[in-house]
Amino acid sequence: MIITLPQRHGIDLTVAAPPSKSFTHRALIAAALARGTSTIIHPLIADDTKLTMAALRRLGVPIEAGAHSVTIEGCDGAFSCPPDTVLDLDNSGTSLRLLTSAALLSDHPVTLTGSTRMQERPVGPLADALVALGGRISFEQKTGFPPITVRGRLEGGDATIDGSASSQFASSILMAAPYAQHEVVLSITGTPASQSYLDITAGVMTDFGAVIQREGYRQFEVSNRDHYTGHTYIIEGDYSSASYFFALAAICGGRVAVTGLYPASMQGDRLFLDALQEMGCQVTYAHDGVTVEHEGPLAGITTDMSSAPDTVQTLCMVAAVAKTPTMITGIGHLKYKESDRLAVTVERLRQLGGIANSDDDRIIIQPAALHGGTIDPANDHRTAMSFAVLGLGIGGVSITGAECVNKSFPGFWDAIKDVMG
């Protein structure tokens, strides 16, 4: 599917935020491991979360998914699946990584695999930590990368993991830790990438009944005596997906209100709004959402977005129309996402006349005269959505493979159809 974006100025839009993908993944897994029945209210139903649900079903967990809720009969920490179970997680890195530790709670070995791109995304640090906790891990093709087969039991004890590549490695261990044979003490070295996601993980775990003691982002102690208990859990709105609408106001000018957002959320992607304010936008918070308004020129900024990784590309689009340079730092881990987002963002901006460069941990964007063109998002949903927003600012931008947004935001194109006209 190819979508061509016309140029638009003076946006006036009110839209509901889609549910959080991060909270949905974690709530599904906690509910699956819990004792009793859980109902997940307002979950994100998208390609990635469907993969998590399908994998949990393969592990023996009954799940009924409706339009606005998901009901799960928990297994009380003991998956029951056939021998030689294979979980194909396609291109969902969150699904594969979070479920790798949980697979140690199965009564048979489990192999986790995915798309060609997934098989290029490292899981070595996670595997090493799981071995320290009692697992037996084998790589079916290339050492340190999926497909990965998980055997043994989650014994517990002490483990250390490098958090600089992905916070999902630590989150994976933490999610399964309440069901270890002994208490898990997880130490994290390096500067944790996307550390706000560790807050989300710990928050969902605690909401389901886990007991965690922590020292910031350096050490987590998880009790093995306090298991998850099934209950009703409501998913909050997603700041990552909302960022595209906020960027519309910044790039096209006008006003955009996004409802269904929790102002005090622990989602790190709320930092995107701070960046917009610094660039010259007006941001107003209400009890049920956020409004962004902007007219006139935008100023470039220097900012660390290590805790807001899923909005980096969106911020790059705003930076591309700013009047002064922008430097975004703390983003080296974006190389290991659905695409190498640093390289892809630089290359695609240059296709539209932009001036952009990146190195190991930052991207720099200079003012430039932009023009239309065709953008191949390399099957990366966030690339497609961020360049669509820029396309509405400059006009004449076509997005190929536009259906890739279904990975996290199936309703994206419908949400902006009124703007497109």
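The values are calculated or read from the model by the stated rules, or taken from the named source; none is laboratory data. Owing to the predicted nature of the structure, the values given are computational and were not obtained by experimental measurement. Cβ atoms come from the backbone with ideal geometry, glycine included; neighbour counts cover every protein chain shown. The protein model used for the area step is the full one, side chains on, heavy atoms only, and it has no ligands, DNA or RNA in it. Shrake-Rupley method; radii C 1.70, N 1.55, O 1.52, S 1.80 Å.
Here is how the numbers come out for the structure above:
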| quantity | calculated |
| --- | --- |
| Long-range neighbours under 7 Å by Cβ, at least six apart or interchain, first residue closer than 19 Å to Gly163 by Cα and of a type in the set (S, T, N, Q) within the stretch 324-345, second in a loop (DSSP other than H, G, I, E, B) and open to solvent by 10 Å² or more (accessible area, probe 1.4 Å) | Thr329/Asp361 |
| Breaking point among (1) of a type outside the set (Asp, Glu); (2) over 26 Å from Ser92 (Cα atoms); (3) open to solvent by less than 10 Å² (accessible area, probe 1.4 Å), for Gly10 | (3) |
| Scope the stretch 219-266; condition modelled with pLDDT of 95 or more and under 17 Å from the mean Cα position of the chain (by Cα); matching residues | Ile235, Glu236, Gly237, Asp238, Tyr239, Ser240, Ser241, Ala242, Ser243, Tyr244, Leu261 |
| Some residue of the stretch 400-421 being in a strand (DSSP E or B) and buried (at least 24 other Cβ atoms within 10 Å of the Cβ) | no |
| Matching residues, the stretch 54-103, being open to solvent by 10 Å² or more (accessible area, probe 1.4 Å), part of a helix (DSSP H, G or I) and not β-branched (Val, Ile, Thr) | Ala54, Arg57, Arg58, Arg97 |
| Test result for Asp310, among the acidic types (Asp, Glu), surrounded by 16 or more Cβ atoms within 10 Å (Cβ to Cβ) and modelled with pLDDT under 90 | no |
| Candidate set: the stretch 285-306, residues that are over 24 Å from Gly237 (Cα atoms) and either touching a residue at least 60 places away in the same chain (Cβ under 8 Å) or of a type in the set (Val, Ile, Thr) (or both); chosen: the one most open to solvent (accessible area, probe 1.4 Å) | Thr302 |
| Single unsatisfied condition, Ala67 versus (1) at pLDDT below 95; (2) over 30 Å from Val258 (Cα atoms) | (2) |
| Residues that are among the aliphatic types (A, V, I, L, M) and in contact (Cβ under 8 Å) with a residue 40 or more places away in the chain, drawn from the stretch 126-164 | Leu126, Ala129, Leu130, Leu133, Ile148, Val150, Leu154 |
| Counted residues, the stretch 15-48 - those being part of a helix (DSSP H, G or I) and not hydroxyl-bearing (Ser, Thr, Tyr) | 13 |
| Qualifying positions in the stretch 346-373 - under 19 Å from Val397 (Cβ atoms), open to solvent by 70 Å² or more (accessible area, probe 1.4 Å) and not in a loop (DSSP other than H, G, I, E, B) | Glu347, Arg350, Gln351, Ile355 |
| Residues that are open to solvent by less than 10 Å² (accessible area, probe 1.4 Å) and at pLDDT 95 or above, drawn from the stretch 314-333 | Thr314, Leu315, Cys316, Met317, Val318, Ala319, Ala320, Ala322, Thr326, Ile328 |
| Filter pass, Leu51 being among the hydrophobic types (A, V, I, L, M, F, W, C) and assigned to a helix (DSSP H, G or I) | yes |
| Some residue of the stretch 334-345 being modelled with pLDDT of 95 or more and either of a type in the set (Ser, Thr, Tyr) or assigned to a loop (DSSP other than H, G, I, E, B) (or both) | yes |
| Some residue of the stretch 374-390 being of a type in the set (A, V, I, L, M, F, W, C), under 25 Å from Lys21 (Cβ atoms), modelled with pLDDT under 95 and assigned to a helix (DSSP H, G or I) | no |
